[in-house]
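Q: Quick one: this structure, given as structure tokens, is what I'll be asking you about.
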Amino acid sequence: MTKRITSLIQKSAIVTLRLALLSTLITAVPLFAGDSASDHSGRDHSPAKLVQLVREATRQFIDVNAATAAGYGPFLGCVTGPDHGAMGVHYVNGALLNGELEASHPQALIYEPLEGGRMRLVGVEFIVDQATWLANHNNTPPSLEGQVLQFVDAPNRFNIPAFFELHVWAWRDNPQGAFVDWNNHVTCEQ
């Protein structure tokens with residue numbers, strides 16, 4: 001019984017900590033009204049802006065053969081969600097895993113497998129190593145066009161060091177949002 005109470009107290013403490021962190025993030029990040037917003041630099045940081053930048057930069061990779069010719073290669077097969085949706089097949093460019101972020105150079109292109117072995121470009125993923133990024137950016141978490149990247153701790157299912165990542169569903173609508181990891185409109189069924 002004592003172990004159960006201790007476990008409940010620990011779970012409650014974790015939930016409280018998560019809520020406190022969420023509250024801190026919400027109050028620390030300015031909330032923007034409408035489809036467009038800018039910081040003091042005058043740059044547009046709306047979700048639509050980042051999606052458009054990614055579309056423009058990756059249009060050349062609609063054909064998966066162009067992606068492989070540019071140094072992207074499949075990594076781990078088609079990724080499906082734990083309870084819903086999928087991501088697809090990540091084509092990663094190792095040369096871009098250099099600790100830098102540019103909207104025009106995603107580290108991974110994401111393709112949905114189709115019938116007959118064809119592949120459809122559905123989105124991208126930006127990936128930076130946590131230790132490298134924080135060391136080179138004064139311990140400031142990464143963001144791209146106003147979108148803060150998510151932290152993935154180690155150990156993780158990829159057996160790689162801790163990293164930051166951001167999915168951008170630029171070529172396939174995601175009903176849950178343009179930057180949510182899992183997309184209910186993507187499948188690995190083919």
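The values are calculated or read from the model by the stated rules, or taken from the named source; none is laboratory data. Please read all numbers here as calculations on a predicted model, not as lab measurements. Counting neighbours? That spans all protein chains shown, and the Cβs are built from the backbone with ideal geometry, glycine included.
Q: Give the residues of the range 101-156 that are polar (S, T, N, Q) and either in contact with a Gly (Cβ under 9 Å, 6 or more places away or on another chain) or farther than 19 Å from residue 76 by Cβ (or both), sorted by residue number.
A: 104, 107, 130, 132, 136, 138, 139, 140, 143, 147
Q: Quick one: is residue 121 in contact (Cβ under 8 Å) with a residue 24 or more places away in the chain and crowded, with 19+ Cβ neighbours inside 10 Å?
A: It is true that residue 121 is in contact (Cβ under 8 Å) with a residue 24 or more places away in the chain and crowded, with 19+ Cβ neighbours inside 10 Å.
Q: If the requirement is being more than 27 Å from residue 187 (Cβ to Cβ), modelled with pLDDT of 95 or more and touching a Ser or Thr at 6+ places or on another chain (Cβ under 8 Å), which of these qualifies: 101, 134, 149, 109?
A: After applying the criteria, what remains is 134.
Q: Going by the structure shown, is residue 57 modelled with pLDDT of 95 or more, in the same structural domain as residue 145 (by TED's automatic domain parsing) and surrounded by fewer than 16 Cβ atoms within 10 Å (Cβ to Cβ)?
A: No: the conditions fail for residue 57.
Q: Under the condition of being among the β-branched types (Val, Ile, Thr) and either at pLDDT 95 or above or closer than 15 Å to residue 103 by Cβ (or both), which residue from the range 152-171 is surrounded by the fewest Cβ atoms within 10 Å (Cβ to Cβ)?
A: Checked the range 152-171; the qualifying residue surrounded by the fewest Cβ atoms within 10 Å (Cβ to Cβ) is 152.
Q: Could you check the range 74-102 and list, in sequence order, the residues that are in a strand (DSSP E or B) and surrounded by 13 or more Cβ atoms within 10 Å (Cβ to Cβ)?
A: 74, 75, 78, 79, 80, 86, 87, 88, 89, 90, 91, 92
Q: If you go through the range 78-131, how many residues are within 18 Å of residue 60 (Cα to Cα) and among the polar types (S, T, N, Q)?
A: 3
Q: On the basis of being assigned to a strand (DSSP E or B) and touching a residue at least 24 places away in the same chain (Cβ under 8 Å), does residue 128 make the cut?
A: yes
Q: Going by the conditions given, is residue 105 surrounded by fewer than 17 Cβ atoms within 10 Å (Cβ to Cβ) and not small (Gly, Ala, Ser)?
A: Answer is yes for this residue.
Q: Taking the stated definitions as given, is residue 139 in a loop (DSSP other than H, G, I, E, B) and not charged (D, E, K, R)?
A: Yes; evaluated as a whole, the condition is true for this residue.
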